[in-house]
Amino acid sequence: MAKKKRLEMNEDKAEMDMSPMIDCVFLLLIFFIVVSTQAEVQVDPDVDPTIASSSQPQSEMIARIVVNAYYDDANALRYTQEDPKKVIETSKLREYIKLEKKRLERIRPGEDVTLHLRCDRALAWKDIQKVQVAAAAEGVIKVNFASFQQNPTN
């Protein structure tokens, strides 16, 4: 019994130094913050999208070309990029889609490029069709229409 007590007294308590582990956690945290991309979507305030009862929110960021379409205050047709200050001339729609498709294919290889249309509810179908025809001519056949979700209580 005396031998057992003597052994217990000589043993040092095993302690783990946590500072290297904490350093690793902070390094990983900083790494993931630096390499992640923030998804920031600008919304054109001039576009008043339709309300759809069966719409679903977009669950993931995808390779998408954004086109806003609406009539301005002078009742003239306007197409803008994701940044509402950047206007796209109707005659340049196809060129814009072609350049954006190439850019997105470089950034996200292997992903299908999608046209994301934000159309004003007052927009005529023929004006929406111009964007779709330009996209189809460049091989972009997937189209998302942005809309507001209808409140289920209405």
message: Using a 1.4 angstrom probe on the protein heavy atoms only, could you order Asp83, Asp73 from most to least accessible area?
response: Asp73, Asp83
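Rounded to the nearest 20 debye, what is the charge dipole size of segment 99-144 about its Cα centre when +1 sits on each Lys and Arg Cβ and -1 on each Asp and Glu Cβ? Before the final figure, lay out each step's value.
Numbers: 10 positive and 7 negative charges, 16 e Å.
With only Lys, Arg, Asp and Glu charged at Cβ, the dipole is about 80 debye.
Hey, if we sort Cys24, Cys119 by accessible area with the 1.4 Å probe, largest down, what's the order? Intermediate results must be reported in sequence, preceding the final value.
Details: Cys24 80, Cys119 15 Å².
Of Cys24, Cys119, the descending order of accessible area is Cys24, Cys119.
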Amide hydrogen neighbours beyond the local backbone of Arg118, cut-off 5 Å, H modeled: Val67, Asn68, Ala69, Ala146
statement: Heavy-atom accessible area per residue of segment 72-118, all protein chains kept, 1.4 Å probe, expressed in Å², is 66 Å²
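Calculate, in nm to one decimal, what Ile107 and Gln129 gain on full extension: separation in residues at 0.36 nm each, minus their alpha carbon distance.
Values: separation 22, 0.36 × 22 = 7.92 nm, distance 2.75 nm.
Working it through step by step, the gained length comes to 5.2 nm.
The values are calculated or read from the model by the stated rules, or taken from the named source; none is laboratory data. Just so it is clear, the structure is predicted and the values come from calculations on it, not from any experiment. All Cβ positions, glycine included, derive from the backbone under ideal geometry; neighbour counts span all protein chains shown. To get the accessible areas, we keep the full protein, side chains included, count just its heavy atoms, and leave off ligands, DNA and RNA. Shrake-Rupley method; radii C 1.70, N 1.55, O 1.52, S 1.80 Å.
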